[in-house]
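Novice: Here's a structure for you.
The values are calculated or read from the model by the stated rules, or taken from the named source; none is laboratory data. These numbers come from a predicted model, not from an experiment. Cβ: placed from backbone, ideal geometry, glycine included. Neighbour counts: every protein chain shown. Just the protein is used for accessible areas: all its heavy atoms, side chains included, with ligands, DNA and RNA removed. Shrake-Rupley method; radii C 1.70, N 1.55, O 1.52, S 1.80 Å.
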Amino acid sequence: MVRQLYIILLLIMGVCVGCQWQNASTEDHDDAATIEIERFDRIESSYLTLADFAALRQMRTDYPIQTRTLIEEVLKLGPATHPDINNNLLIFFQDSTLQTLIADVEDEYADIKDLNRQLSSAFRRLNSMLPDMQIPQVYTQIGSLDQSIIVTDSLLGISLDKYLGSDYPAYIHYGYSQKQRDMMSRKYIVPDCLGFYLLSLYPMPANGDSLQHDQQHFHMCKIQCIVNKAIGQSIFSNDTIRQLEKYMHKHRTLSADDFLRMTSMPKSI
């Protein structure tokens, strides 16, 4: 089942970029996670801008899950098997704003070697902390300014249209707040990938009591602590995260899995 993880979950925490983190050794995991992002967005773009039916066939044949997820879960156009769905997909993207979006994604992400390197390194560290974790297959897509990261089983999709920079005109036009736009840039792709993937493995606690918000906040802080450690920088920072970082440093034998399964803040930091 597709777990739709929205960027608003990350916005309940304060953010700090650039502080260095002491990295765990990854020498024994050099080959554990080498990620080569699949450029599904380029094939999608060929169909949506040129009505290239060879590209559509490739979408359907080589990327069936990605195509179905895009149509049904991201764009919500209806069942991917509907007889008119291909035409509906094409018509949907004829909007001038979306056509501009496609072109801007193509320009901004012509080269993603840096993302391949960063994702490989980060998932390698994450895998050293969570040895039983399956490394996902990562691909890029173009959505409609809705969801940023999609996790479907072992697939992780990056909607590049959500990472065009904080000053991107469409973000301002459609009313994204400054706090939201600050996170809609290239440097947040890797942290978001790790964070949302961890959320798919360790879902947000759901209940109806008055403590729900506090529990969600605590859970997100645990996730973000692990993301910081895997990336090697304090991308996310607030009081709770700093307390949890001290706790992890003090209890170095505590596994990442046990840490992520904690249900409340430890009494003794």
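Novice: Determine how large the accessible area of HIS213 is when every protein chain is in place; take a 1.4 Å probe and give Å² rounded to the nearest 10.
Specialist: Probe radius 1.4 Å; accessible area of HIS213 about 110 Å².
Novice: So for TYR139, TYR202, what's the accessible-area order with a 1.4 Å probe, most first?
Specialist: Working: TYR139 0, TYR202 25 Å².
Heavy-atom accessible area, descending, gives TYR202, TYR139.
Novice: With only alpha-carbon atoms in the gyration tensor, what are the semi-axes of the equivalent ellipsoid for the chain, in Å, largest first?
Specialist: Working: eigenvalues 228, 78, 64 Å².
Square roots of five times the eigenvalues give 34, 20, 18 Å.
Novice: On to the next question. Counting C-alpha atoms alone, how compact is the range 61-180: give Rg to one decimal and Dmax as a whole number, in angstrom.
Specialist: Considering the range 61-180 through its Cα atoms, Rg and Dmax are 16.1, 46 Å.
Novice: Just from its helices, what would the mean residue ellipticity at 222 nm be for the chain, if runs of 4 or more DSSP H residues each count -39500 (n - 2.57) and the sum is divided by every residue, rounded to the nearest 500 deg cm²/dmol?
Specialist: Per the formula, -14000 deg cm²/dmol.
Novice: For the chain, what does the accessible surface come to per residue with a 1.4 Å probe? Please give it in Å².
Specialist: On the way: 12880 Å² over 269 residues.
Computed with neighbouring chains in place, this is 48 Å² per residue.
Novice: Next question. Can you compute the FRET efficiency between LYS187 and ASP95 using 1/(1 + (r/R0)^6), with r the Cβ-Cβ distance and R0 = 22 Å? Round to the nearest 0.05.
Specialist: On the way: r = 28 Å, r/R0 = 1.28.
According to the calculation, E is roughly 0.20.
Novice: Shifting gears a bit: Counting only Cα, what are the radius of gyration and maximum Cα-Cα distance Dmax of the range 227-269, in Å?
Specialist: Both quantities, over Cα of the range 227-269: 10.3, 27 Å.
Novice: Once you order the gyration tensor axes a ≥ b ≥ c over the Cα atoms, which shape class does the range 117-227 get: rounded for a/c under 1.5, otherwise prolate or oblate by comparing a/b with b/c? Let's see the in-between values first.
Specialist: Values: a/c = 1.90, a/b = 1.17, b/c = 1.62.
Because a/c hits 1.5 or more and a/b fails to exceed b/c, the range 117-227 counts as oblate.
Novice: Mind giving me the FRET efficiency for ARG39 and SER268? R0 is 35 Å, r the Cβ-Cβ distance, nearest 0.05 is fine.
Specialist: Details: r = 49 Å, r/R0 = 1.39.
Efficiency, rounded to the nearest 0.05: 0.10.
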